[in-house]
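Inspection log for the structure reproduced underneath, given as structure tokens.
The values are calculated or read from the model by the stated rules, or taken from the named source; none is laboratory data. Small disclaimer: the values here were computed from a predicted structure and weren't measured. Don't worry about glycine lacking a Cβ; one is built from the backbone with ideal geometry, like all the others, and counts go over all protein chains shown.
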Amino acid sequence: MTTPYYIVYEDKIRANMEKLRKVADNADVKIIMAFKANALWKTFPIIAEYFQASTASSLNEMKLSLDYLGNDVHTYCPVYTEKTFPEFLKGSTHITFNSIAQYNRFHEMIEKWNRSQPEKKVSAGLRVNPHCSVIETDIYNPCMPGSRFGENPEALADGLPKGIEGLHFHALCESSSYDLEKVLEAFKQQYGHLLPHIKWLNMGGGHLITRKDYDIEHLISLLNKLHEEYPNLELIMEPGSAFTWQTGDLVTEVLDVVEDAGIKTAIIDASFACHMPDCLEMPYRPNIAEALPDDSESEYSYRLGGNSCLSGDFVGDWKFEKPLKAGDTLTLLDMNHYTTVKTNMFNGIQHPSIWLKPSIGEPVLLREFTYEDYRDRMD
């Protein structure tokens, strides 16, 4: 296995699936997978043993579910067009609209479809904004002031448009059950009068149920209480990160070590900008298997620099037991969710190969990238 490469672990995926299934079973909640966090479809056969429903925000995500995961597709897009909407109708079981105006634009098409295809009826929903911010990083905060996501309560004071069967909110990002509790309270205060009149409530994504310190029992209790309050509702959650949290790594090699202004940078054969863009967008510093704890007394401290020409293609710092040198292997942990889906080929940098470590047996190559992949993106 030549660096750089991503490696995904079947055992770790299954461990996450078991936690999610516990919640689904004990809280009578439908858990669906968000493709925006994970589109590595060659691992979908593992996931499909536990969950077969998905949420899609594009035609390509919808098609990926229909081909490799399941036909239960809950679609939400900030906007639809006359060109794309008929195809969404053919492939979706639920379609959520971002605004009343968008629903009014397409509701006759839904009605016509449901009359002509009663066996493939599509349920229409509306996204709302609970105006409860529990996320510090604005780029991932759907409820920040000026948000473009969801209708405001003033527009729904007199009820829902005819034909809307569900409500959807999304206000979390790698959040806890206690964050969900805060958002639910704000949501009920603003939109509670609508809940007796709908069939389903989609609580969006951002539920990091598989994180080690997540209070699963509190979540189950919270959802069961919601069932007691509104027994008419089917509850839906669409976590993205939780499905593949800490299930894969990116293995790299140090190619050179440079120093300027007293700062040592180990340049690796991968790129934060190309292969780990969330590290720069969020930003966050991933853990490295070979590094020491941050409070270590070690004098050997390094940034990691990517191999692209972008000046800001670096993250740091980490401490190590001994000096880094060319040829050292570094394993950047938790590089599956929101990683492989966001990679790019800026600068023509060679894309890491992707491997799967089965529960039994040797790693299996899922995908290797070539010059033709880079060339054909512009073909």
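Residues are listed down the side, and each one gets a yes or a no for (1) assigned by TED's automatic domain parsing to the domain that holds PRO286; (2) in contact with a helix residue (DSSP H, G or I) (Cβ under 8 Å, 6 or more places away or on another chain):
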{"position": "LYS225", "(1), (2)": "no, no"}
{"position": "ILE236", "(1), (2)": "no, no"}
{"position": "PRO239", "(1), (2)": "no, yes"}
{"position": "THR252", "(1), (2)": "yes, no"}
{"position": "ASP256", "(1), (2)": "yes, no"}
{"position": "GLU259", "(1), (2)": "yes, no"}
{"position": "ILE263", "(1), (2)": "yes, no"}
{"position": "ALA266", "(1), (2)": "yes, no"}
Hits in the range 49-98 - residues which are loosely packed, with under 14 Cβ neighbours inside 10 Å and within 17 Å of the chain's Cα centre (by Cα): ASN60, PRO78
VAL258 assigned to a strand (DSSP E or B), surrounded by 15 or more Cβ atoms within 10 Å (Cβ to Cβ) and more than 28 Å from the chain's Cα centre (by Cα): no
Strands (runs of 3 or more DSSP E) wholly inside the range 305-378 containing at least 1 residues that are modelled with pLDDT under 95 and not hydrophobic (A, V, I, L, M, F, W, C): 314-320
Number of the exception - MET1 against (1) hydrophobic (A, V, I, L, M, F, W, C); (2) outside the structural domain of PHE169 (by TED's automatic domain parsing); (3) surrounded by 18 or more Cβ atoms within 10 Å (Cβ to Cβ): (3)
Single residue of LEU226, LEU160 found to be of a type outside the set (S, T, N, Q) and either outside any helix (DSSP H, G or I) or without any contact (Cβ under 8 Å) to a residue 24 or more places away in the chain (or both): LEU160
First in the range 364-375 and of a type in the set (Lys, Arg), second anywhere and surrounded by 11 or more Cβ atoms within 10 Å (Cβ to Cβ), Cβ under 8 Å, 6 or more apart: ARG367/LYS42; ARG367/SER353; ARG367/ILE354
Exclusive hit being surrounded by 15 or more Cβ atoms within 10 Å (Cβ to Cβ) and of a type in the set (Asp, Glu), set ASP179, ASP158, ASP213: ASP179
